[in-house]
Amino acid sequence: MPQVSCRLILCSVLAWSFPAVAQPGPLILQSSYYLLPAILILLGGCVFLFMQLSKARAKAEQLSFLMRNNKDAVCLINADLVIQQVNPAFETITGFDADQAIKQPLKLFNSQGEPENIAKSIQTALLQKGFWHGDIWSRKANQHVYAMDLSISCISPSSLQDDAVFVATFADISARKMSELELRRVNTKDPVTRLPNRAMFLDYLEREFSAVSEQTPQFAIIILHLAVLKKQDDQTSLPLLEIASTIRAAVPAGMLLARLSTTEFAIVLPSHLAAKRIDLQSYRLASQLISTLQYTEFADYTDNLNPAIGIALYPEDGHSYDQLLRSADHALQRAQAASAQSIQLFNQALLPRSAESFALEQELKQAVEHDELRVTYQAKLCVSSNRVTGFEALVRWQHPTKGLLAPSQFLSIAEESDCIIQLDHQVLHQVCQQVSHWQKTGMMRGRLALNISCQTFYHPDFLQHYQQKITEHGLTPDFFELELDQAILAHQPDLCKSILTRARESGFQLVLDRFGSGLSALHYLRDYPLDQIKIDGKLVQKLEQSELERNLTASIIRIAGYLQLGVVANQVENEMQAYLLHVMGCETVQGHVFSKAVLPAELAAVIAREARTIQHKALG
């Protein structure tokens, strides 16, 4: 390279000094006046070139010296983070030889183990600014993960192109990171139980206030106190680690469990896990905790621990974390003072309701196990033909002391507990037996509608289980409709569409229940594979009194017709309502106007009333 440059300079100087040299023919020296300047320029160019080469050589030697003698790892990389050269410290720290590392990309990832995102962000910063610095993670040759303090700079900042060369330096800071982690653990963890301490609990609780939203507007805190029924100084020998492990095992995933003091623990039931009946949900968890602690053996303390629990709910019991804590403490004090009730809610008006609901929930679980549920059937009637066109299966609970309970008295509790899926399966079993019997006796009319809960719908083996049970009874899905609440469609739209499509392909008809109530959305009718809609009974009840309700109902029926969806009106109580619906274009009605929900033995009498005319009778 230096020789070529010298020749180029020499030729240029001669061409300028001796023009005749560039002309064909004999070389004629026209003037010796230009010779001395030409020689000086030539010498100056050579000196300049030599100085530049010396500087470049000096820089290269400096860079090589720095790389060889630097205790930190140093490597040259390109814009794609591909290694071009490494120093001995790089080999020592990473365990990779130079031959193994060169032409390989830097393997980087963040604390969450995401390699692609962090590499792209580093490349973008280098091309835009020519520099990047931060703490990052990588993997050594022995596959051990280590932390590094990485700095990358462009050697030629004036040319930040794809072919730019960068120098990366880093040190292994794994020990520092471990120290920081240990310090954080000491500051936020209880040293005995290894649970979050009071400081971390308060920080989490404060952040929970900012997490509430219109969709998740409530959360709860539960404070558990363990009274030791022994000498006061025996508290120091409590098996706290074992107790904490037992409590942690009873607390559902996603909830924070912290230790506030020697014998006091706190639980945050966050907003994203809160049920509609958060009072019942909290009471249920508190009861499980007390039952777990009372039936677990803790060395000499098995019969000497007296747990008490106080519960506070947001926003009813406080709008700041200190207010909510005071409310939970007040509830805890009442629980400690009460001899018969070791669980207290701050709002005492909710306690009887929560306790009664919890007791009913426990009885319902036993009812499912002991086959106390009864399925009743309500007929659907075509107004034009006065014919029964199908049935809906409605579950009732034959309570041993309270008699026959309607769905409104227990289904909401079942939906918030873990027994709703088992309940739905038991109903399916009874319904399949009944439909099989009707098929043999000729009483089956149309399809039978099954109400599907959200938990059942999104259970992984939902369709497989229903198809299997139906097949076991010699039936096919064509005998059934699946009635779905709008909440199911709003829960997980993409997964919901997939399940509905498969259900429809297998032969089930799909019905959107209670349309016209709450936040009914027309896009449900357009975007989901539905066959029918069922008009909510609240609209039907107001048809006779409100022109607005009549117009709204008529519009729903008209839109369903445009979309080629069937329409069923629910809770039709009298003949005038049936007549108005018929005029609007709704042919199928369900309600006490024709029949209430009855047991299978009474259904023959209902079908015998098919010929009763209700059409236009309101005008008579």
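The values are calculated or read from the model by the stated rules, or taken from the named source; none is laboratory data. Please read all numbers here as calculations on a predicted model, not as lab measurements. Note: ideal-geometry Cβ built from the backbone for every residue, glycine included; neighbour counts use all protein chains shown. All accessible areas refer to the heavy atoms of the entire protein, side chains included, with ligands and DNA or RNA removed. Shrake-Rupley method; radii C 1.70, N 1.55, O 1.52, S 1.80 Å.
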What are the residues in the stretch 514-535 that are outside any helix (DSSP H, G or I) and either closer than 14 Å to LEU563 by Cα or under 26 Å from the mean Cα position of the chain (by Cα) (or both), if any?
GLY518, LEU519, SER520, ALA521, TYR528, PRO529, LEU530, ASP531, GLN532, ILE533
When the stretch 78-90 is checked residue by residue, the ones that are crowded, with 17+ Cβ neighbours inside 10 Å and of a type outside the set (A, V, I, L, M, F, W, C) are GLN85, ASN87
Based on this model, can you work out whether LYS538 counts as touching a strand residue (DSSP E or B) at 6+ places or on another chain (Cβ under 9 Å) and either open to solvent by less than 50 Å² (accessible area, probe 1.4 Å) or in a helix (DSSP H, G or I) (or both)?
yes
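Condition check ((1) within 19 Å of VAL145 (Cβ to Cβ); (2) of a type in the set (A, V, I, L, M)) across all residues:
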residue: ASN69; (1), (2): no, no
residue: ILE77; (1), (2): no, yes
residue: LEU81; (1), (2): yes, yes
residue: ASP97; (1), (2): no, no
residue: LYS107; (1), (2): yes, no
Condition first: of a type in the set (D, E, K, R) and either surrounded by fewer than 18 Cβ atoms within 10 Å (Cβ to Cβ) or under 17 Å from PHE391 (Cβ atoms) (or both). Now tell me which residues in the stretch 470-511 satisfy that.
GLU472, ASP478, GLU481, GLU483, ASP494, LYS497, ARG502, ARG504, GLU505
Total residues in the stretch 342-364, condition open to solvent by less than 50 Å² (accessible area, probe 1.4 Å) and either free of Cβ contacts under 8 Å to residues at least 40 places away in the same chain or assigned to a helix (DSSP H, G or I) (or both)
11
Where the second residue is exposed (fewer than 14 other Cβ atoms within 10 Å of the Cβ) and not β-branched (Val, Ile, Thr) and the first is at positive phi and lies in the stretch 127-138, which pairs have Cβ atoms under 6 Å and are six or more apart or on separate chains?
GLY130/PRO157
Of the residues in the stretch 593-611 that are within 14 Å of LEU394 (Cα to Cα) and at pLDDT 90 or above, the one that is nearest to the chain's Cα centre (by Cα) is ALA597
Checked pairs for the stretch 209-228, first more than 29 Å from SER342 (Cα to Cα), second part of a loop (DSSP other than H, G, I, E, B), C-beta under 6 Å and 6 or more apart or across chains, list as none
Would you pick out the residues in the stretch 241-276 that are under 13 Å from THR292 (Cα atoms) and aliphatic (A, V, I, L, M)?
ILE243, ALA244, ILE247, ALA249, ALA250, VAL251
